[in-house]
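Worksheet for the structure shown next.
The values are calculated or read from the model by the stated rules, or taken from the named source; none is laboratory data. Please read these numbers as outputs of a predicted model, since none were measured by experiment. Neighbour counts run over all protein chains shown; Cβ positions are idealised from the backbone, glycine included.
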Amino acid sequence: MHSLYPKIKPNQSQYLSIGEHNIYIEESGNPDGIPVLYLHGGPGGGSSSDHRRYFNPEKYRIIIFDQRGCGKSTPHASTSNNTTWDLVDDIEEIREYFSITKWLIAGGSWGTTLALAYGIKHSDRVTGFILRGIFLGTEEETHWLYGKDGAGAIYPDHYLDFIAPIKHQHFSDPVKTFHKLLTSDNEIARIAAAKAWTLWETRISALQIDKAELSSPEETHGAIAMACLENHYFINQCFFEPDFIIKNIAKIAHIPGFIIHGRYDMVCQLKQAHILAQHWPNAQLQIIPKSGHSGFEVAIIDAICQASDKMAAFIESK
């Protein structure tokens, strides 16, 4: 099994000011290597130093950034001027900042949604895709993730903890009900809702959860960004028209891609990855057995790193 590449430090890190947002970006690996951009999940999850480690640092020029409102970017948890298309524009700003002509786009979960949206708008800037845990930004997927008859039916015990902050309210649509709490002036209620929202997703993200992972998302700072931004995006249907990605997939159909998805992913259903692969002739779907949603399960790491090695060989051969 391919493990993560060794830990490395960024060659440079800085903030890019765009309007009222200050976007944290960093570059690592080989400055003359194949440019790759990794897009983190959420929305609002923030980047990880381990995201650099999916790519061979001798071959790749690795760029990651914290999307608006999360991680080291400021203002923290801000939903102002924070839409999918704002993030797509940020990606273009970052590409131009680093004087990159074309790059490989990689991402996980929400990062796949953003990668596909970027590719649809700027297909001439993309050499390929590596996508893990497909989310197409549809209402059906949101209902699955937060509904009692979706993932809630698989994890009914954890679901009770999830809806605890809204248990005395009508929760046929938890996203809308949580929105009231997450935008409330009641700071105690807001924090409790954010923790419950984030803990729910963490608990169902992998087949085996490390206890350390359960405590980390409950830290108030990270939980508020994750919950507020996810809720903001999902209540607005990810700022997409219905079935936007599939309806526009022809714009990237000529670009090679690896689609990696855990068989038992309870956050993002496998069927979305299967639908995407059926509409994308140049993409290869890899269904990873005994794996869930997390990008750091052993078999998922292996698949991503293998894909990045194969993509490097393909790009170098052109």
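Of note:
- Matching residues in segment 26-36 - criterion: being touching an Asp or Glu at 6+ places or on another chain (Cβ under 8 Å) and either crowded, with 20+ Cβ neighbours inside 10 Å or not assigned by TED's automatic domain parsing to the domain that holds residue 61 (or both): 29, 34
Residues are listed down the side, and each one gets a yes or a no for (1) of a type outside the set (Gly, Ala, Ser); (2) farther than 19 Å from residue 233 by Cα; (3) over 15 Å from the mean Cα position of the chain (by Cα); (4) assigned by TED's automatic domain parsing to the domain that holds residue 262:
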{"site": "84", "(1), (2), (3), (4)": "yes, no, no, yes"}
{"site": "87", "(1), (2), (3), (4)": "yes, no, no, yes"}
{"site": "92", "(1), (2), (3), (4)": "yes, yes, yes, yes"}
{"site": "103", "(1), (2), (3), (4)": "yes, yes, yes, yes"}
{"site": "125", "(1), (2), (3), (4)": "yes, yes, yes, yes"}
{"site": "130", "(1), (2), (3), (4)": "yes, yes, no, yes"}
{"site": "134", "(1), (2), (3), (4)": "yes, no, no, yes"}
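- Hey, residue 85 in contact with a helix residue (DSSP H, G or I) (Cβ under 7 Å, 6 or more places away or on another chain) and farther than 14 Å from residue 258 by Cα or not: yes
- Selection of first residues in segment 295-318 that are of a type outside the set (S, T, N, Q) and of second residues that are in a helix (DSSP H, G or I) and surrounded by fewer than 16 Cβ atoms within 10 Å (Cβ to Cβ), restricted to Cβ pairs under 8 Å at least 6 apart or on distinct chains, gives the following pairs, ordered by first then second residue: 296/50.
- So residue 68, is it of a type in the set (D, E, K, R) and farther than 24 Å from residue 121 by Cβ: no
The rows are residues; the columns are (1) part of a strand (DSSP E or B); (2) surrounded by 23 or more Cβ atoms within 10 Å (Cβ to Cβ); (3) at pLDDT below 95.
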position: 22; (1), (2), (3): yes, no, no
position: 38; (1), (2), (3): yes, yes, no
position: 43; (1), (2), (3): no, yes, no
position: 58; (1), (2), (3): no, no, no
position: 61; (1), (2), (3): yes, no, no
